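Accompanying notes for the structure given below.
The values are calculated or read from the model by the stated rules, or taken from the named source; none is laboratory data. Just so it is clear, the structure is predicted and the values come from calculations on it, not from any experiment. Quick reminder, even Gly has a Cβ in these numbers, built from the backbone with ideal geometry, and neighbours come from all protein chains shown. Remember, those area values only see protein heavy atoms, side chains included, never the ligands or the DNA or RNA. Shrake-Rupley method; radii C 1.70, N 1.55, O 1.52, S 1.80 Å.
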Amino acid sequence: MQYHEIGKTGMKVSSLSFGASSLGGVFHDLKEQEGIQAVFTAVESGMNFIDVSPYYGHYKAETVLGKALKELPRDRYYLSTKVGRYGKDGVNTWDYSAKRVTESVYESMERLHIEFIDLINVHDIEFADLNQIVNETLPALVALREKGVVGHVGITDLQLENLKWVIDHSPIGTVESILNFCHYCLCDDKLVDFLDYFESKGIGVINASPLSMGLLSERGVPAWHPAPQSLVEACRKAVEHCKAKNCPIEKLAMQFSVSNPRIATTLFSTTNPENVKKNIAFIEEPIDWELVREVQEIIGEQKRVSWANS
């Protein structure tokens, strides 16, 4: 496992990290225990960064993760959670007000059974008025940072341009990291275009969704995936090509996602301890760059085709 610092935070994190979003979909005791074991396996295997959000499973993911964290020494991991995006009774809600995000931090700590959050993120800023993020949300989180309640402050979004806009309009040092998804994977490497900018501001980069929310998987894309059909079809052809080469595309995708040392870490999510071990084994093998080239040729003009967040 390789370790990289997130910007200037001092947090040296594993190149592959545990995203706890899948814990939000656990509804049965047996699977919940399996998910908790997946957290244990990740930490025991050298993953020292865990990311979650109150939005995932509408508080379920934080609740399940909290059960795992009660059993883990606090110095074994860095913890990241979020504010701004929530939900209840199957209905998504958003609230980026200073009052709500401040309350949210303390509520998350209670669910997670911790007394300190290493990194607090504003979740999916494209759903907010970006001026509110700059003038209200972030100052509230900076105040918590100054009090020692949280260690560092970040922002997350699918749209890289939004991340840049907020950083450009915030005082230097306000934003310490960004989390972006589906823009550093085999079918979309747009994140690379922004690395010089983030580094010039001393901001760390966290990547997520190396399988592009299922586009790059043998299981196939889920029915709810927002990608256009042309991209879905291109990725399906890439999956078949990798299969013919005796290399599951999941393996190549994982290897590619951790291949850039300028990206501190890549998050992946699972409730299966064996999947944790499998993905660690994947990234310990050398990547086949010729196969990467072939896959990206197959994806062709669909490369970097994106979609609106939902």
**Fill in**
Note to self: with every protein chain in place and a 1.4 Å probe, the chain gives an accessible area per residue in Å² of 42
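Please work out the FRET efficiency for the pair E136 and K12, using the Cβ-Cβ distance as r and a Förster radius of 41 Å; give the result to the nearest 0.05. Provide the component values of the computation, followed by the final result.
Working: r = 32 Å, r/R0 = 0.78.
According to the calculation, E is roughly 0.80.
Tell me, what % of the accessible area of segment 29-124 is carbon and sulfur with a 1.4 angstrom probe? The partial results should precede the final answer.
Numbers: 2000 of 4020 Å².
That fraction is 50 percent.
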**Fill in**
With Cα coordinates, the longest principal axis of the chain makes an angle with the long axis of helix 273-284, in degrees rounded to 10, of 70
**Asked** So between Q2 and A223, what do we pick up on full extension, going 0.36 nm a residue minus the alpha carbon distance?
**Response** 76.1 nm
**Message:** For the chain, take the longest principal axis of its alpha carbons; what is the angle in degrees between that and the long axis of helix 289-299, to the nearest 10 within 0 to 90?
**Reply:** 90
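Counting DSSP beta bridges with both partners in segment 98-223, what percentage is antiparallel, nearest 5? Intermediate values should be presented prior to the final figure.
On the way: 1 of 15 bridges.
Counting DSSP beta bridges with both partners in segment 98-223, the antiparallel share is about 5 percent.
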**Complete:** With 0.36 nm assigned to each residue of separation and the Cα-Cα distance removed, E284 to K147 gains 45.3 nm
**Fill in**
Taking Cα atoms only, helix 229-244 is inclined relative to the longest principal axis of the chain by an angle, in degrees rounded to 10, of 60
**Request:** Roll a 1.4 angstrom probe over the protein heavy atoms and tell me the percent of accessible area of segment 236-291 that is carbon or sulfur.
**Result:** 49
**Order by protection proxy (mean Cβ within 10 Å, highest first), peptides 278-285, 138-145** = 138-145, 278-285
**Fill in**
With the dipole of the chain defined by +1 on each Lys or Arg Cβ and -1 on each Asp or Glu Cβ, the option from T265, L69, M1 whose Cα lies farthest towards the positive pole is L69
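How much length, in nm to one decimal, is gained on full extension between Q33 and L72, taken as 0.36 nm per residue of separation minus their Cα-Cα distance?
Going from the current span to full extension adds 12.6 nm.
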**Prompt:** Which percent, nearest 5, of DSSP beta bridges in the chain are antiparallel?
**Reply:** 20
**Request:** Would you mind computing, in nm to one decimal, how far apart the modelled labels at S97 and E233 are, each placed 7 Å from Cα along Cα→Cβ?
**Result:** 4.8
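Taking the Cβ-Cβ separation of E107 and Q296 as r and a Förster radius of 51 Å, what is the calculated FRET efficiency to the nearest 0.05?
Step by step, r from the Cβ atoms, then E = 0.75.
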**Message:** Using a 7 Å offset from the Cα along the Cα-to-Cβ direction at both E161 and S200, what is the distance between the two label points in nm, to one decimal?
**Reply:** 1.8
